[in-house]
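To start, the structure under review is shown below, and the notes come after it.
The values are calculated or read from the model by the stated rules, or taken from the named source; none is laboratory data. None of the values given here were measured: they were computed from a predicted structure. In this analysis, Cβ positions are derived from the backbone assuming ideal geometry, glycine residues included, and neighbour counts consider all displayed protein chains. In case anyone asks, the SASA skips ligands and DNA or RNA and just uses the protein heavy atoms, side chains included. Shrake-Rupley method; radii C 1.70, N 1.55, O 1.52, S 1.80 Å.
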Amino acid sequence: MKTVPVADCVWEIPTSEKPGMLVPARIYASEALLRQMDAGVFEQVTNVACLPGIVRASLCMPDGHWGYGFPIGGVAAFRADTGVISPGGIGFDINCGMRLLRTDLTEAEVRPRLTELVEALFAAVPSGVGAKGFVRLSDDEFREVMREGARWCVRHGYGWPEDLAATEGGGCLPGADPDRVSVRAVARGREQLGTLGSGNHYLEIQVVPPDGLHDPEVARAFGLERPGQIAVMLHCGSRGFGHQIGTDYLRTFDQVMRRYGITVRDRELACAPFRSPEGQAYFGAMTAAANTAFANRQLIAHRVREVMARVFGRDPRALGLSVVYDVCHNTAKVERYPVDGEPLELVVHRKGATRAFGPGAPDLPEAYRAVGQPVIIGGSMETGSALLVGTAHAMAETFGSTAHGAGRTMSRAQAKRQVWGETLMRQMAERGIVVRAASKSGVAEEAGFAYKDLAEVVDTVHRLDISRRVATLRPIGNVKG
Amino acid sequence: MGRHTFLESVAVADCAMEVEGDDLDDLFATAARALAEVMVDPATVPRGVERRVELAAPSLDLLLFDWLSELIYMKDAERLVFPEAEVHVDRADPCRLVARLAGGVIDRATTALRADPKAVTFHQFVLEPHGGGWRARLVIDV
């Protein structure tokens, strides 16, 4: 497929490349990352460009790889009045996202108790197949969680009021409609609140390495002040509840598209007009799942505070265990952007792409308004993660979006053939990283060599100015499903 | 007797498989066993639970989609995994299946856990006659 360089690290696929493309496709990548992208990215990003109501361009972030319907790393905005909404542009794990907590603890304080800490976190935060959470909810209470998200948790003592300001959308997105959620989704997800899941989901104890503060001033605004400082990062989403809503509506849209005269190039791009009854029903259910994911990460953060208070014998506030930020990377949200000089209401789909609002964005807490929104990009369990900040350029260029992770380069089976889970855990322990996992084979699947180089992804988004490098975080303890 | 093969090049981040069966009953049962194998080591699942499942769908491929989605649903809603399945598929309109499942509740102390499937996808989703039997290609999001 013809890929034309149009700016540094920006590649465009013109509409002439595929019949039905309404806008060009734009891939944001260094030459090295572009070469690593599989053929599915090019096919899928151009398929998305054919969907009704899309504006400007179909975008793919530097960590892009093939997904279902949209590529992972896909960003696309559709007119709210005439465009569509597609579960394939959000993913089954609705509001999968990242939360980062900072602490006043140092590596020197944590090292002697690291194994005890990781074991205690593993016991307190259930993970893996068949895990049950610690909160028992009636149907009515679960509906409250769908509407209120993280606010419900704080209202019930599972968190601090200031956690909400440090969460995208205040941890509660408008438009959730529990009446559009199936009984099966409720049955599947109600007991999973406060669980981590499996695959690439994790809870990690991290440290700021000696050379880890790239922008000390912004890092300080985010609560990271010095090398050796301990942070806690978690990556998870809406669990079986969101997965079932994704399944329910993929199945629904697959059948109703014909009625709206929509044809798609890939069945995973099943969609409906945003303003149609089906489109609005999915948006209401999807937002309920997004809020539930905020609640899930809030409950896990609460457990982290309880465990760390117990292990270190200090109140969580005395440990400085505050939320830096909680940000989604699998959502569709209604936002306003100028299109051809006219401000338009758009349904912005981000699938494996992080919101990256720049300074001054109204959704940001007061403390971050001058610097921009924290952006959390998760890497592999061996290599570490990154904290960045959103930019004004992202608002103009990518609908306020940036990358979300490193992206796999190797299949799970291939990774397992290269290393045993037990062997990898031993090797990581020798390098000072304590791992506790529900599935040992799952550890092997998540080996660092199975992922792209996160530094290249971070360098590229920094170079593109769609987010700027603030800090690097290196894992020392990891809990996995 | 049906067979399944995991396809590494199709779903780098997830789990793709090709399933073959002598007939539709065999294919649906083989796909169910393969899915159980994705989730856990089947030998470590406690036995003792039997379930009867009945489903209907407007087409055969959607019946397969719904069948596997049902098994993923039971894994989360009831923590049930079924390494054994007998399935009877009726190609009438709408298509129907009746299945008898045998397995048990995941015991986190003794069951060897593997991946936690989120959903069946339509990615490269195919169900077709093949060599006198049937063949399906399935990609599971894990």
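Remarks
- Scope the stretch B:54-93; condition out of contact with any helix residue (DSSP H, G or I) (no Cβ under 8 Å at 6 or more places or on another chain) and open to solvent by 10 Å² or more (accessible area, probe 1.4 Å); matching residues: B:Glu54, B:Ser59, B:Asp61, B:Glu70, B:Glu78, B:Arg79, B:Asp90, B:Ala92, B:Asp93
- Of the residues in the stretch B:102-109, at least one is free of Cβ contacts under 8 Å to residues at least 12 places away in the same chain, over 22 Å from B:Gly21 (Cβ atoms) and more than 8 Å from chain A (Cβ to nearest Cβ).
- Flag not set for A:Asp63, criterion: within 14 Å of chain B (Cβ to nearest Cβ), acidic (Asp, Glu) and in a loop (DSSP other than H, G, I, E, B).
- Test for A:Glu191: is it more than 9 Å from chain B (Cβ to nearest Cβ) and either over 16 Å from the mean Cα position of the chain (by Cα) or buried (at least 19 other Cβ atoms within 10 Å of the Cβ) (or both): no
- Filter result (β-branched (Val, Ile, Thr) and within 30 Å of A:Met257 (Cβ to Cβ)) within the stretch A:1-57: A:Thr3, A:Ile13, A:Thr15, A:Val23, A:Ile27, A:Val41, A:Val45, A:Thr46, A:Val48, A:Ile54, A:Val55
- All positions within the stretch A:66-86 that are open to solvent by 10 Å² or more (accessible area, probe 1.4 Å) and within 12 Å of chain B (Cβ to nearest Cβ): A:Trp66, A:Tyr68, A:Ile72
- Filtering the stretch A:314-341 to residues that are among the charged types (D, E, K, R) and either open to solvent by 10 Å² or more (accessible area, probe 1.4 Å) or more than 29 Å from A:Gly407 (Cα to Cα) (or both) leaves A:Arg314, A:Asp315, A:Arg317, A:Lys333, A:Glu335, A:Arg336, A:Asp340.
- Candidate set from the stretch A:87-120 (those that are closer than 30 Å to A:Asp254 by Cβ and in contact with a Leu (Cβ under 7 Å, 6 or more places away or on another chain)); member that is surrounded by the fewest Cβ atoms within 10 Å (Cβ to Cβ): A:Gly88
- For the stretch A:96-114, a residue qualifies if it is assigned to a strand (DSSP E or B) and under 30 Å from A:His243 (Cβ atoms), and the qualifying residues are A:Gly97, A:Met98, A:Arg99, A:Leu100, A:Leu101.
- Enumerated helices (runs of 4 or more DSSP H) restricted to the stretch A:419-481, each holding at least 2 residues that are surrounded by fewer than 20 Cβ atoms within 10 Å (Cβ to Cβ) and out of contact with any Gly (no Cβ under 7 Å at 6 or more places or on another chain): A:421-430, A:454-464
- The residues of the stretch B:133-142 that are modelled with pLDDT of 95 or more and either part of a loop (DSSP other than H, G, I, E, B) or farther than 20 Å from A:Phe253 by Cβ (or both), listed by number, are B:Gly133, B:Trp134, B:Arg135, B:Ala136, B:Arg137.
- Condition met for A:Ala295 (touching a Cys at 6+ places or on another chain (Cβ under 6 Å), at pLDDT 95 or above and not polar (S, T, N, Q)): yes
- Verdict on A:Thr287 being touching a residue at least 40 places away in the same chain (Cβ under 8 Å), surrounded by 18 or more Cβ atoms within 10 Å (Cβ to Cβ), more than 14 Å from chain B (Cβ to nearest Cβ) and in a helix (DSSP H, G or I): yes
- Within the stretch A:391-418, residues that are β-branched (Val, Ile, Thr) have Cβ atoms under 7 Å from residues that are open to solvent by less than 50 Å² (accessible area, probe 1.4 Å) and in a helix (DSSP H, G or I) in these pairs: A:Thr402/A:Ala394; A:Thr402/A:Val461; A:Thr409/A:Ala450, counting only partners at least 6 apart in sequence or on another chain.
- Where strands (runs of 3 or more DSSP E) sit wholly within the stretch A:1-49, those with at least 3 residues that are more than 22 Å from A:Cys271 (Cβ to Cβ) occupy A:4-7, A:10-13.
- Selection of the stretch A:81-131 for residues being among the small types (Gly, Ala, Ser) and on the phi < 0 side of the Ramachandran plot yields A:Gly83, A:Ser86, A:Gly88, A:Gly89, A:Gly97, A:Ala108, A:Ala120, A:Ala123, A:Ala124, A:Ser127, A:Ala131.
- Check on A:Ala332, free of Cβ contacts under 8 Å to residues at least 60 places away in the same chain, small (Gly, Ala, Ser) and outside any loop (DSSP other than H, G, I, E, B): no
- The lone criterion from (1) in a helix (DSSP H, G or I); (2) among the hydrophobic types (A, V, I, L, M, F, W, C); (3) surrounded by 24 or more Cβ atoms within 10 Å (Cβ to Cβ) left unmet by A:Val307 is number (3).
- Helices (runs of 4 or more DSSP H) fully within the stretch A:125-238 counting 1 or more residues that are in contact with a Ser or Thr (Cβ under 9 Å, 6 or more places away or on another chain) and not hydroxyl-bearing (Ser, Thr, Tyr): A:139-148, A:150-155, A:161-165, A:183-189
- Index of the failed condition, A:Leu203 passing every other in (1) in contact with a helix residue (DSSP H, G or I) (Cβ under 8 Å, 6 or more places away or on another chain); (2) within 14 Å of chain B (Cβ to nearest Cβ): (2)
- B:Met39 meets all of the listed conditions (1) at the interface with chain A (Cβ under 9 Å from one of its Cβ atoms); (2) surrounded by fewer than 21 Cβ atoms within 10 Å (Cβ to Cβ); (3) not acidic (Asp, Glu) but one, namely (2).
- Selection from the stretch A:154-188 of residues that are of a type in the set (Ser, Thr, Tyr) and either at positive phi or surrounded by fewer than 24 Cβ atoms within 10 Å (Cβ to Cβ) (or both): A:Tyr158, A:Ser182
- The single condition among (1) touching a residue at least 12 places away in the same chain (Cβ under 8 Å); (2) more than 14 Å from every other protein chain (Cβ to nearest Cβ); (3) surrounded by fewer than 18 Cβ atoms within 10 Å (Cβ to Cβ) that A:Leu387 does not meet is (3).
- A Cβ distance below 6 Å, combined with a sequence gap of six or more or placement on separate chains, defines the contacts here; from the stretch A:239-268, residues that are within 20 Å of A:Gly20 (Cα to Cα) and more than 8 Å from every other protein chain (Cβ to nearest Cβ) reach residues that are at pLDDT 95 or above and open to solvent by 30 Å² or more (accessible area, probe 1.4 Å) in the pairs A:Tyr260/A:Pro273.
- Matching residues in the stretch A:231-260 - criterion: being β-branched (Val, Ile, Thr) and closer than 26 Å to A:Gly133 by Cα: A:Val232, A:Ile245, A:Thr247
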